[in-house]
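A short worksheet on the structure shown next.
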Amino acid sequence: MAYLALYRAWRPQKFDEVVGQESTVKALQNALKEGKLTHAYLFTGPRGTGKTSIAKIVAKAVNCENLDSGEPCNNCSACQDINNGNFMDVIEIDAASNRSVDEMRDLKEKVRILPAQGKEKVYIIDEVHMLTPEAFNTLLKTLEEPPARVRFILATTEAHKIPATIRSRCQIYNFRRLTGDEIVSRLKQVAAADGVEIADEALQLISRRANGGLRDALSMLDQIYSYKGKKITKQDVLEVLGIVDDLFLAQLMERVFAWDTGAIIRMIGEVLNSGKEAQQLAREASLYLRDLMLYNVLGEDAEFSVVTEESLQAVKQQSKIKMENIFEALKIMTEAADKLRFSDGNKYLLEISLLEIASITNAKGETTQSNQPAILRNKDIKTAVKPNKDENRDALWNRILQGVKEQKVPTHALLCQAKPLGIKENVLYIGFKKGFKFHKERMEENANRELVEKVVKELLNKEIQIQFIFLDEDQYNDIVAKKAIEFFGEDIVEIKN
């Protein structure tokens, strides 16, 4: 027999097997017992919370030959055929792929045909919000004048997209996200039935990542089973799901709030080199910042997404950060996680976002480049670049980098990946390797370019324009071949009062 995924194997077959959704289950059972089931229902709520499972239980109940207190027997031929997907009068429609007016017109014609196998026909239309406006209008006509012995159960994760005319023809039940305890309880039941030993902290981690969806939690457990077998620890869950633990997140954000640029870059590099994805790390950092914000408001009564006892002490210390700064940091990190889905500069976008957060928290660390002021006076520049042309060039470039860092850390992080080429006719050429396309494009934005020009002007006491080029482009090769650029020398940095 083919392997059945856990979320399918553990799909509830009766109302008393449903996890959560107590009010919905009670109302439907009472309606079945009293013969007051209406012709159309709209089930709304997050994914994986039981909408289609309960719809199938209702379909069994109206066709069951031995209904007992609103509960299907699961033994009669109708119940068994519905469980096996072989019942002709229970029709499941995925509105995401059958969304046109033609499909709804076809339904309108077929709905008038009497049930062929059972007592009633039940149409379950999943993701109903995906129907086109024309398809909704056609469905509306059917709901307005429903044939006898036909039920409609519409399910959606986006209730706001359902037209009011459709909603007004349905009884609406809102499905809630399951609590962490409810999910953990079911996961323990599943693990025990399969003879799997799983640590409580591993169950808690899966529960938090499921975000209230039992189907997602079971899918994750299924994935971990395949990798680790019969004994599962928290570390196993972290490895399989590609996430980092809360203690690492606490340490990373501690370095961010301390403006420890070197540690931030090193920690990101280490975690990405271990196989984690930048987008997932950004998402985890967002959840940590969300927990930090909640702790600021609710204290230890907050329901955390990623924070555990191991990282709670760090959260208490970091909660001293101003609330507006935490909120701004959360906004930056959330936007980064969204952008990382489409970016090819994953590592660099993540670094820049964390450094931008560092710059707004007003928790500067000591500069790691030099003990000298970020922007030197004219006489200091002459002294610093005196020895030879290479030292002269490197010293000036370091002063530029320091000056930019003092103004804006994210711009400094971008500029660090470039190297100075030289100055010709009051134009400073700065080169990037082809692999740093993202950095070059960001530096070409007006705000970043103007910041560099401002720093260079303060250092050299004259207007200098900035041009960014790729090191391996024809433009750069032509410049080098014709010796059009005078590389940094003492003549370039000499200041005339």
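The values are calculated or read from the model by the stated rules, or taken from the named source; none is laboratory data. All values reported here derive from a predicted model rather than from experimental measurement. Don't worry about glycine lacking a Cβ; one is built from the backbone with ideal geometry, like all the others, and counts go over all protein chains shown. Surface areas here come from the heavy atoms of the whole protein model, side chains and all, with no ligands, DNA or RNA. Shrake-Rupley method; radii C 1.70, N 1.55, O 1.52, S 1.80 Å.
Suppose every Lys and Arg Cβ carries +1 and every Asp and Glu Cβ carries -1, with no other charges. What dipole size does segment 46-129 come out with about its Cα centre, to the nearest 20 debye?
It comes to approximately 160 debye.
At 0.36 nm per residue, and after removing the present C-alpha to C-alpha distance, how many nm does the segment from Asn30 to Asp394 gain when stretched out fully?
Gain on stretching Asn30 to Asp394: 123.0 nm.
For segment 174-251, what is the per residue volume of the convex hull drawn over the alpha-carbon atoms, in cubic angstrom?
Hull volume over Cα atoms, normalised by residue count, gives 90 Å³.
So for the chain: antiparallel DSSP bridges make up what percent, rounded to the nearest 5?
Taking every DSSP beta bridge with both residues in the chain, the antiparallel ones total about 20 percent.
Quick one: what are the phi-derived ³J(HN,Hα) couplings along segment 81-93, Karplus 6.51/-1.76/1.60 with θ = phi - 60°, whole Hz, x for glycine and proline?
5, 5, 4, 8, x, 10, 8, 5, 9, 10, 10, 9, 10
Rounded to the nearest whole Å², what accessible area per residue is found for the chain with the 1.4 Å probe?
The answer is 50 Å² per residue.
Angle, helix 22-34 long axis vs. longest principal axis of the chain, Cα atoms, 0 to 90°, nearest 10?
Helix 22-34 and the main axis of the chain meet at about 20 degrees.
So how many Lys-Lys pairs in segment 408-468 land under 19 Å Cα to Cα, not counting same-chain pairs under 8 apart?
Lysine pair count for segment 408-468: 15.
What distance in nm separates the two pseudo spin-label positions at Gln407 and Lys457, each 7 Å out from Cα along the beta-carbon direction?
That separation, rounded to one decimal, is 0.9 nm.
Can you give the convex hull volume of the alpha carbon atoms of the chain per residue, in Å³?
208 Å³
Relative to the longest principal axis of the C-alpha atoms of the chain, give the angle of the C-alpha long axis of helix 214-228, reported between 0 and 90° and rounded to the nearest 10°.
70 degrees
Quick one: longest stretch of the chain between exposed loop chymotrypsin sites (Phe, Trp or Tyr not before Pro), exposed meaning at most 11 other C-beta atoms within 10 Å and loop per DSSP?
4-341
Explain nothing, just compute: Karplus ³J(HN,Hα) = 6.51 cos²θ - 1.76 cosθ + 1.60, θ = phi - 60°, for every residue of segment 53-68 in order, whole Hz, x for Gly and Pro.
4, 5, 4, 5, 5, 4, 4, 5, 4, 6, 10, 5, 7, 9, 4, 10
If one takes the longest principal axis of the Cα atoms in the chain, at what angle in degrees, from 0 to 90 and to the nearest 10, does the Cα axis of helix 133-144 lie?
Helix 133-144 sits at roughly 20 degrees to that axis.
For segment 127-267, what size does the Cα cloud have along each of its three principal axes, sorted from largest down, in whole Å?
Rounded to whole Å, the extents work out to 65, 45, 23 Å.
List the lysines whose alpha-carbon lies under 24 Å from that of Lys316, not counting same-chain residues fewer than 8 positions away?
The qualifying lysines are Lys234, Lys331, Lys364.
Only loop residues by DSSP count here, and only those with at most 15 other Cβ atoms within 10 Å; note down the GluC sites (Glu not before Pro) in segment 416-459 that meet that.
For GluC sites (Glu not before Pro) across segment 416-459 that sit outside H, G, I, E and B with at most 15 neighbouring Cβ atoms in 10 Å, the list reads Glu425, Glu444, Glu445.
Roughly speaking, to the nearest percent, how much of segment 205-259's 1.4 Å accessible area is carbon and sulfur?
47 percent
Please list, in order along segment 305-312, the HN-Hα scalar couplings obtained from phi with the Karplus expression 6.51 cos²θ - 1.76 cosθ + 1.60 (θ = phi - 60°), rounded to whole Hz, x for Gly and Pro.
Here the 3J(HN,Hα) series is 8, 10, 5, 10, 4, 5, 9, 4 Hz.
Can you tell me, using C-alpha contacts under 8 Å and at least 6 residues apart, the relative contact order of the chain as a whole percent?
Relative contact order comes out at 11 percent.
What are the residues whose amide H is under 5 Å from the amide H of Val90, where those residues sit 5 or more places off or on another chain and H is modelled from the backbone?
Long-range HN contacts for Val90: Val122.
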